[in-house]
Amino acid sequence: MMDSKKNKMIFDIAVIGAGPVGIAFACGFVNSNLKVIIVEKQTKKILENPKIDGREIALTHHSANILKELGVWRYIPAKLISAIKEARVLNGSSKYFLDFKHRQIQKECLGYLIPNNLLKKYLYKRLKNLPNVTLVNGVNCISIDAANKEYSSIQLSNGKKIKASLIVASDSRFSKARSMMGISAFTRDFDKNMIVCRMEHEKPHDNIAYEFFRYSQTQASLPYIKKQSSIVTTVPKDTSSTLMKINNKKFNKEIQHNFNNFFGKMKLIGKRYSYPMITTYSKKFVAHRFALIGDAAVGMHPVTAHGFNLGLRGLEILTKEIKFAIKRNIDIGLPIVLRKYQTKLHRIAIPLYLSTNGIVSLYTNTAASAMLVRQFILRAVNFIKPIKQTFLEVLK
Ligand SMILES: Cc1cc2nc3c(=O)[nH]c(=O)nc-3n(C[C@H](O)[C@H](O)[C@H](O)COP(=O)(O)OP(=O)(O)OC[C@H]3O[C@@H](n4cnc5c(N)ncnc54)[C@H](O)[C@@H]3O)c2cc1C
């Protein structure tokens with residue numbers, strides 16, 4: 001809806017950021033009467049064909065079901081989705097491993113692996129076909145005005161203003177919208193970088209994911225299609241530039257060595273990508289006519305692959321609360337609606353966030369005592385059923 005004289009557009013929900021979570025959230029209103037607008041700073045060309053960014057996203061069954069309900073899953077070619085059947089966690093050079101098997105959750109696999117650029121591509125494909133969702137791309141949200149009781153508004157870099165009953169920000173873990181609303185976040189810099197890339201290897205992965213916790217770095221592999229894996233190396237910041245710069249031949253050798261020749265010969269496909277390991281947890285998820293979702297709410301450490309999965313859980317909760325309010329004729333921007341979302345998401349996110357950060361600290365600690373503790377934990381989780389079950393629950 002456009003009030004052309006005032007250069008204002010009026011909507012029920014305005015979403016800032018068309019990343020995977022922002023788009024998935026907007027797709028959730030397909031069969032509603034709500035008018036949704038989504039604002040993205042990237043161009044349409046990039047949204048239509050997102051570049052490979054080295055991230056291969058491990059999805060839980062719950063996430064796959066959400067994407068099915070949103071009408072996105074059917075677009076993703078089955079041959080580009082890989083099934084993760086088993087996951088093994090190893091400590092240092094010890095041969096002992098903690099294992100999670102698909103049979104333990106009574107499913108045909110533990111989860112799925114899909115490259116991030118494909119997820120984004122097919123989310124966008126779905127979004128484009130929705131009649132009640134307007135996408136404005138190539139513009140930045142530059143300010144938010146939440147002073148009015150009846151509505152909130154956002155100012156765009158192209159001079160336009162959007163009025164909405166509810167503003168939802170999904171503009172990354174370094175969310176500017178969060179700062180504009182005066183909401184701060186707990187931030188932790190692990191002083192490490194995660195180097196991700198795709199590699200081809202001589203021996204098959206048998207659809208098993210591996211995580212090797214070495215003394216100052218972690219080395220993981222996620223099984224993709226054919227004899228290819230997503231290779232994830234977490235290294236201290238000062239050594240990461242060397243690993244990024246060495247030529248492909250040396251890099252292949254280095255990774256092959258890190259895996260103890262486990263996969264035989266390994267060969268880099270495409271480029272390497274480096275991400276700083278900074279986690280964020282927003283002190284509030286909601287404010288007056290405002291909510292944070294996705295990484296803007298909780299920016300997880302990628303080592304346990306929960307970020308997008310948690311983002312989907314959050315948007316599922318918020319969408320349900322909004323639809324529930326609409327049915328009862330309740331204003332969707334009211335605290336009574338938004339606080340329910342906040343409480344429910346905290347309940348899921350706090351344990352995941354703290355345990356992930358704890359695991360990362362423990363498993364990259366080089367002290368002898370820490371090494372012993374982690375060896376003990378691997379065995380304890382394997383043998384004490386309730387603990388292992390807690391980890392497996394997340395995958396369902
Ligand atoms: C190496 C790596 C591996 C990962 N692996 C996994 C995994 O296996 N499983 C998993 O579940 N998760 C994983 N994640 C996490 C996952 O990638 C993120 O949780 C997910 O991308 C978050 O999506 P988002 O939409 O919230 O934010 P983002 O992807 O950061 O998107 C934010 C969007 O907002 C836009 N934007 C920002 N500011 C503005 C503005 N002012 N105005 C307009 N638009 C704006 C940006 O252009 C962008 O499109 C991984 C992350 C990394 C780094």
Residue of K327, K340, K128 that the Gaussian network model of the chain assigns the largest fluctuation, springs spanning Cα pairs under 10 Å: K327
Extended-chain gain in nm, criterion 0.36 nm per residue less alpha-carbon gap, Q104 and R88: 4.4 nm
Contour excess over end-to-end distance, with Cα ends at T239 and F174 and 0.36 nm allotted per residue: 21.0 nm
Contact order relative to length of the chain, as percent, for alpha carbon pairs under 8 angstrom and 6 or more apart: 20
Calculated from backbone phi, Karplus (6.51, -1.76, 1.60) coupling profile of region 42-57 in Hz, x at Gly/Pro: 7, 7, 4, 4, 5, 5, 5, 9, x, 6, 4, 10, x, 7, 10, 9
Long pairs among K163/K327; K149/K340; K176/K327, criterion Cα-Cα beyond 25 Å: K176/K327
Listed residues N193, N129, N329, most fluctuating in the chain (Gaussian network, C-alpha, under 10 Å): N329
Residue-span extension gain [K271 to K327] - 0.36 nm each, minus C-alpha spacing: 15.3 nm
DSSP beta bridge pairing in the chain, given as percent antiparallel to the nearest 5: 70
Sequence ranges 47-54, 276-283, ranked by mean other-Cβ count within 10 angstrom, highest first: 276-283, 47-54
MRE, 222 nm, helices only [DSSP H, n ≥ 4, -39500 (n - 2.57), over the chain, to nearest 500]: -10500 deg cm²/dmol
Where labels lie 7 Å past Cα in the beta-carbon direction, separation of I142 and H257 in nm: 5.2
Sequence of L334, L166 when ordered by accessible area, the most exposed leading, probe 1.4 angstrom: L334, L166
Mean separation of Cα contacts under 8 Å (6+ apart) over length of region 171-245, as relative contact order %: 31
Separation of the E48 and E200 label points, Cα + 7 Å toward Cβ, nm: 3.0
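The values are calculated or read from the model by the stated rules, or taken from the named source; none is laboratory data. This structure is a prediction, so every number in the text was calculated from the model and none was measured. As a convention, Cβ positions derive from the backbone with ideal geometry for all residues, glycine included, and neighbour counts pool all protein chains shown. Quick note on the areas: whole protein, heavy atoms, side chains included, nothing else; ligands and nucleic acids left out. Shrake-Rupley method; radii C 1.70, N 1.55, O 1.52, S 1.80 Å.
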